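The values are calculated or read from the model by the stated rules, or taken from the named source; none is laboratory data. Computed from a predicted model, the values in this text were never measured in an experiment. FYI the Cβ positions are ideal-geometry reconstructions off the backbone, even for glycines, and counts take in every protein chain you see.
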Amino acid sequence: MAFTARRSATLTVERPLVRVLAALIALALPSGHAFAQSMQADQELEALIPDSAVQDPEKWAQDTDAARSGAPPSTLIEEIEADTAMPDIPGMTIAWPDGSELPSIEPLSPDPDIEVAEQSTDEAVEALPGQQDADAPASVRLADADVSRVGKQVEVAFPSGKEAIAEEGQIVSRFAGLSSLKSFDDDEDNLAQIVRRARTDRETLQEVMRVYGYYDAQVYQTLGGLGESADGETAAPVDVEKVVVRYDVQPGPQYHVGKIALGDLAATGTDYEGLRGAFKLNTGDAINSDRIVAERLSLQTALGETGYAFAKVGDPDLLIDHERREGDLTVPVTPGGVYAFGKVNSSREKFLSSRHLQRISRFDPGDRFKRSEVDDLRQAILATGLVSSVTVDAREVASPAAGQPGVVDVDVKLTPAPLRTIAGLIGYSSGEGFRVEASWEHRNFFPPEGMVRVRAVAGTQEQLAGLTFRRNNFLTRDLVLNADLYARNQTSSAFEARTISFTAGLERQTTLLFQKPWVFAAGVEILATGERDAAAILANERRKTYFIGALPMRAAYDGSDNLLDPTRGFRVGLRVSPEISVLNGVRSSYGKAQLDASYYQPMGEKLVVAGRVRFGTIIGTDITNIAPSRRFYAGGGGSVRGYGYQLIGPRDTAGEPSGGRALSEFSLEARVKTGLLGGAVSLVPFVDAGAVDTTTTPRLRDLKIGAGIGLRYQTNFGPIRIDLGTPLNPSKGDSRIGVYVALGQAF
């Protein structure tokens, strides 16, 4: 290579290029007077491209030494190229490479998957007979094995008998969730894709074996279902759907935990024994990566529950020693000091004050710090329904010193949620007719948590206007102060009533976030009601005015798994109400009690059997001294379906219900998921029974039975219920079909 020769040769062929360049310059530069100014303005450009080159590019290109002399003889060029060394280039510090120093270029090894994809099906079969590992023994399939099918085209085989391992089921289940072959069960893969995914799955299975401590496990992969042909015959085309990848696993020895180092955990002193007990891994235990992670979290939780507010537990490090077949475990632990709770500080004092937040917390200043109680406070604030977001952080205000715990304040940062709500409800049943309810509420009208609600009901049998005040978390956590004033007009087959009522009381509430096992309520009720029963309505008699005072009380236990749609467990509730009634100056005293119990039992994944019983009694006075609206009735969507609202029980001479002093109800239904609409639809066959007696104890002499089927549509706010029922032993005048539409389960 001779730089001078290359340069000369270039000059001999550059004339056309110069012409083109000159022409482009002539087109690009301006013309006329402005062009002259431009040429005079830049002397460097003038020196590089003279005016003559611009004015006549062709003539200027021909008027060069190279154009006049022509190219040098070819012999001279060859002589220069052969004998003239390239001169040093200024600034070049890297030596020019010698051709012998350059490494030879080696071809890349072909991808076997690509090879398979490029071959015909028959050739692919020949290229992959059995797809057996090259380093595998002559026979890699276990003679006596437990074979599990984890997908349409995947099998895993483990030794059986004495060589079986206890974690086999867990390993297969975990591998099934990670297998790429199983994930694409429904895809139409070609042979190359199956081979590629099989190789990935083999590596995945080996990783799963390591999770359970089998670091020397061998996984042998074979490909079955390819078919074979006799000598001289052409193999039949491969049916890819029949190809099965099998993994035979030789687990080898299971490794165990060696030394365990837990950082500075011993610095916790008297707390060490309890904290070390929370980390339930010991030397000699079988290695299990999942268990190591779980025990680390357990230790982190135990530190937070023992007062170590700022403890840190790092990621575990497991050092495997193949010679010892053990793994030395190191978990960095920095416990810090012990702390006690200080104050709760609210970021919105006028919205939810620090005093109120301290009231709903489960800790008092001076109590030993517990992380769970900080998390509980955050959940309790969310349960108020007043905030859209909340953060609760522990902040150090005093460090531990002289054997005394430090102090942490709890800072609460709140973002208020919309506080006003307009709601509506529409319902229908064949016995009660239509019912439309509307309400407006402000959930923090009287801070903190002082709710005001205005509500109205317009229906076929009821009209109501009411005002409700509620103070949540009153005096203490979960205690509610209620006050309700309303005016109501009721019209039914049993009675007519125009009532003005005031009730007030305390209640321990249950919520979706904090479903509580025990709840109670107690209060006072004062009302004046003008009523007449069915006989008085028929005779067009005047209403009787009752003045009633009551002390309603309720206690209930909820052992179910869901507040709105229970699937297992039971509920029991008891209502008691001592009452005094004054009619025309005559005072009557009596007691009213009602017991409700329900039970829910799952029978497989798609069936829940639910049952309910209800008993009630009124003792202390004759039924004629009890206002018709305070008596017991049965029938309707929340009682015995198939019968009209309040139409079960004693009847007067006109055949209209008159109510009673004893109540008995029974319900049994099967809630069957259909799988329709993503599992949101359920069918519910049911049978109900009930009776009302004039005596104080149930006699069940006139038990009415109804049966039917219901439809449930599950929404994020509870199931929508549609029930169709029919009376099995109707009385005169009972309809043959009852239709009930409402929100929530019947019980």
Check GLY342, GLY385 and return the single one that is over 33 Å from the mean Cα position of the chain (by Cα) and surrounded by 15 or more Cβ atoms within 10 Å (Cβ to Cβ).
-> GLY342
Taking GLY616 as the residue in question, decide whether it is over 20 Å from GLY710 (Cβ atoms) and modelled with pLDDT of 95 or more.
-> yes
When you go through (1) surrounded by 13 or more Cβ atoms within 10 Å (Cβ to Cβ); (2) part of a loop (DSSP other than H, G, I, E, B) one by one for PRO418, which number turns out not to apply?
-> (1)
Go through GLU496, GLU507 for me and flag whichever is closer than 19 Å to ARG575 by Cα and either outside the structural domain of ALA534 (by TED's automatic domain parsing) or surrounded by 18 or more Cβ atoms within 10 Å (Cβ to Cβ) (or both).
-> GLU507
Residue check, VAL672 against (1) more than 20 Å from ARG575 (Cβ to Cβ); (2) over 45 Å from the mean Cα position of the chain (by Cα), all met but one. Which one?
-> (2)
Which residue pairs have Cβ atoms under 7 Å apart, sit 6 or more places apart or on different chains, and have a first residue in the stretch 173-190 that is closer than 13 Å to LYS242 by Cα and a second that is modelled with pLDDT under 85 and not hydroxyl-bearing (Ser, Thr, Tyr)?
-> ASP185/GLY151; ASP185/LYS152; ASP189/VAL240; ASN190/ALA117; ASN190/VAL240
Of (1) in contact (Cβ under 8 Å) with a residue 60 or more places away in the chain; (2) among the hydroxyl-bearing types (Ser, Thr, Tyr); (3) part of a loop (DSSP other than H, G, I, E, B), THR621 fails just (1)
If you take the residues of the stretch 180-228 that are among the aliphatic types (A, V, I, L, M) and in a strand (DSSP E or B), which of them is modelled with the highest pLDDT?
-> VAL219
Does any residue in the stretch 382-402 that is on the phi > 0 side of the Ramachandran plot come within less than 7 Å, Cβ to Cβ, of a residue that is part of a helix (DSSP H, G or I) six or more places away or on a different chain, and which pairs are these?
-> none
May I ask you to list the residues in the stretch 484-527 that are small (Gly, Ala, Ser) and without any contact (Cβ under 8 Å) to a residue 24 or more places away in the chain?
-> ALA487, ALA504
Among the candidates GLY585, GLY620, single out the residue that is more than 45 Å from the chain's Cα centre (by Cα) and surrounded by fewer than 15 Cβ atoms within 10 Å (Cβ to Cβ).
-> GLY585
Selected residue (only one of ALA610, ALA634, ALA627 is modelled with pLDDT of 90 or more, in the same structural domain as LYS704 (by TED's automatic domain parsing), within 21 Å of ARG542 (Cα to Cα) and crowded, with 20+ Cβ neighbours inside 10 Å) = ALA627
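Here is a yes/no grid of residues against (1) modelled with pLDDT of 95 or more; (2) under 25 Å from TYR590 (Cα atoms); (3) small (Gly, Ala, Ser):
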| position | (1), (2), (3) |
| --- | --- |
| PHE495 | no, yes, no |
| ALA521 | yes, yes, yes |
| GLU531 | no, yes, no |
| ILE548 | yes, yes, no |
| MET553 | yes, yes, no |
Among strands (runs of 3 or more DSSP E) completely within the stretch 541-614, the ones holding 1 or more residues that are free of Cβ contacts under 8 Å to residues at least 60 places away in the same chain and under 24 Å from ARG671 (Cβ atoms) are 553-558, 569-583, 586-602
Look at the stretch 282-317 and say how many of its residues are buried (at least 18 other Cβ atoms within 10 Å of the Cβ), free of Cβ contacts under 8 Å to residues at least 60 places away in the same chain, more than 30 Å from PRO365 (Cα to Cα) and not charged (D, E, K, R).
-> 1
Can you tell me which residues in the stretch 653-697 are acidic (Asp, Glu) and either surrounded by fewer than 18 Cβ atoms within 10 Å (Cβ to Cβ) or more than 20 Å from LYS606 (Cα to Cα) (or both)?
-> GLU656, GLU665, ASP688, ASP693
Please find, among VAL390, VAL374, VAL408, the residue that is modelled with pLDDT of 95 or more, crowded, with 17+ Cβ neighbours inside 10 Å and touching a helix residue (DSSP H, G or I) at 6+ places or on another chain (Cβ under 8 Å).
-> VAL390
Report yes if some residue within the stretch 701-709 is loosely packed, with under 14 Cβ neighbours inside 10 Å, closer than 29 Å to ALA654 by Cβ and either of a type outside the set (Val, Ile, Thr) or modelled with pLDDT of 90 or more (or both); otherwise report no.
-> yes
Say whether the condition of being touching a helix residue (DSSP H, G or I) at 6+ places or on another chain (Cβ under 7 Å) and in contact (Cβ under 8 Å) with a residue 12 or more places away in the chain is met by at least one residue in the stretch 453-472.
-> no
Return the only residue of GLU441, GLU432, GLU437 being at pLDDT below 90 and buried (at least 16 other Cβ atoms within 10 Å of the Cβ).
-> GLU432
Note on GLY744: of the conditions (1) at pLDDT below 85; (2) over 34 Å from the mean Cα position of the chain (by Cα), unmet is (2)
Can you find a residue in the stretch 280-298 that is in contact with a Ser or Thr (Cβ under 7 Å, 6 or more places away or on another chain) and over 29 Å from ARG368 (Cα atoms)?
-> no
Would a scan of the stretch 682-695 turn up a residue that is in contact with a helix residue (DSSP H, G or I) (Cβ under 7 Å, 6 or more places away or on another chain) and closer than 20 Å to ARG651 by Cβ?
-> yes
